[in-house]
Amino acid sequence: MHDPYHELPVLKWAWLYIAIDVRDLSICKIGITIREDPNTRLRECMTSNPFYNFFNCYDMSRFSISKKELLDLERYLHRKLGIRLNSIGTGHETEWVSISPYLAEKEIDYIICNNFYFLGNSMIDEDGNLHKEYLSEVKQRIRPDPLGLFFNSFVRYEDCQEYYDYLMDHHNYPKEPFKLR
């Protein structure tokens with residue numbers, strides 16, 4: 001089978017990310033950056049939305065990916081993962097889609113594992129399961145400590161209760177309610 005990306009130059013840095021607005025986990029942003037550190041992109045977006053944070057980052061440069069392939073992947077994910085949201089005011093399509101970041105993560109994990117090889121190895125085992133050890137080499141799950149995250153910000157518990165509760169569970173904190181402000 002012909003690989004249309006085979007002859008194209010590969011990117012030194014290539015990141016695919018899922019970003020969230022901690023106030024609404026029914027939507028997420030699927031984006032890419034070719035910066036060395038994806039947090040540079042995060043800081044740029046935080047100036048316009050202080051509730052913006054990464055949920056996952058995938059180091060796509062580990063797959064020797066070209067810019068065209070990275071852009072095609074992003075475009076495919078925008079079409080596949082839900083209804084794209086339009087900007088209020090301009091009506092232009094955004095990179096935000098109406099899908100929870102949890103479901104987007106599962107879908108993207110599956111798509112990456114089915115379409116890329118890690119160090120020449122299939123990312124799917126003989127039983128059709130994802131090779132989690134290969135995926136963990138390219139995927140950075142971003143699950144900040146909820147206490148530090150919210151104590152260092154002006155976010156109210158009521159504004160981001162679902163995300164806060166998720167992080168409390170993820171970090172195995174006690175289930176008792178804890179009010180931040």
Worksheet, complete the sentence: Sparse-neighbourhood loop hits (GluC sites (Glu not before Pro), the range 43-146; DSSP loop; Cβ within 10 Å at most 14 others) -> 126
Discussion item. Angle check, please: helix 67-80 long axis (alpha carbons) against the longest principal axis of the chain (alpha carbons), in degrees 0 to 90, nearest 10.
Written reply: 60
Fill in: Neighbour net charge for residue 132 - beta-carbon separation under 14 angstrom, K R +1, D E -1
-3
Worksheet item: Pairing the Cα long axis of helix 161-170 with the longest principal axis of the chain, what angle in degrees results, from 0 to 90 and rounded to the nearest 10?
Response: 70
Fill in: Lysine pair count for the chain [Cα-Cα under 14 Å; pairs on different chains or 8 or more apart]
6
Worksheet, complete the sentence: Phi angles of the range 25-40, converted by Karplus (6.51 cos²θ - 1.76 cosθ + 1.60, θ = phi - 60°) into ³J(HN,Hα) in whole Hz with x for Gly and Pro, give 8, 8, 9, 7, 9, 10, x, 9, 8, 10, 6, 4, 10, x, 5, 4
Worksheet item: Tell me, what ³J(HN,Hα) does each residue in the range 84-101 have, in order and in whole Hz, if you take phi through Karplus 6.51 cos²θ - 1.76 cosθ + 1.60 with θ = phi - 60° and put x for Gly and Pro?
Response: 6, 8, 9, 5, 5, x, 9, x, 6, 5, 10, 8, 8, 10, 8, 8, 5, x
Worksheet item: From the Cα gyration tensor of the range 44-93, with a ≥ b ≥ c the square roots of its eigenvalues, which class applies: rounded if a/c is under 1.5, or else prolate if a/b is larger than b/c, or else oblate?
Response: oblate
Item to complete: For the range 5-29 and the range 114-170, write down the distance between their C-alpha centroids in whole Å.
Response: 14
Fill in: Environment charge at residue 119 (Cβ cut-off 14 Å; Lys +1, Arg +1, Asp -1, Glu -1)
-2
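Values in this text are rule-based calculations from the coordinates and carry no lab data. These numbers were taken from a predicted model, which means no experiment stands behind them. Cβ coordinates were reconstructed from backbone atoms using ideal geometry, including for glycine residues, and neighbour counts include every protein chain displayed.
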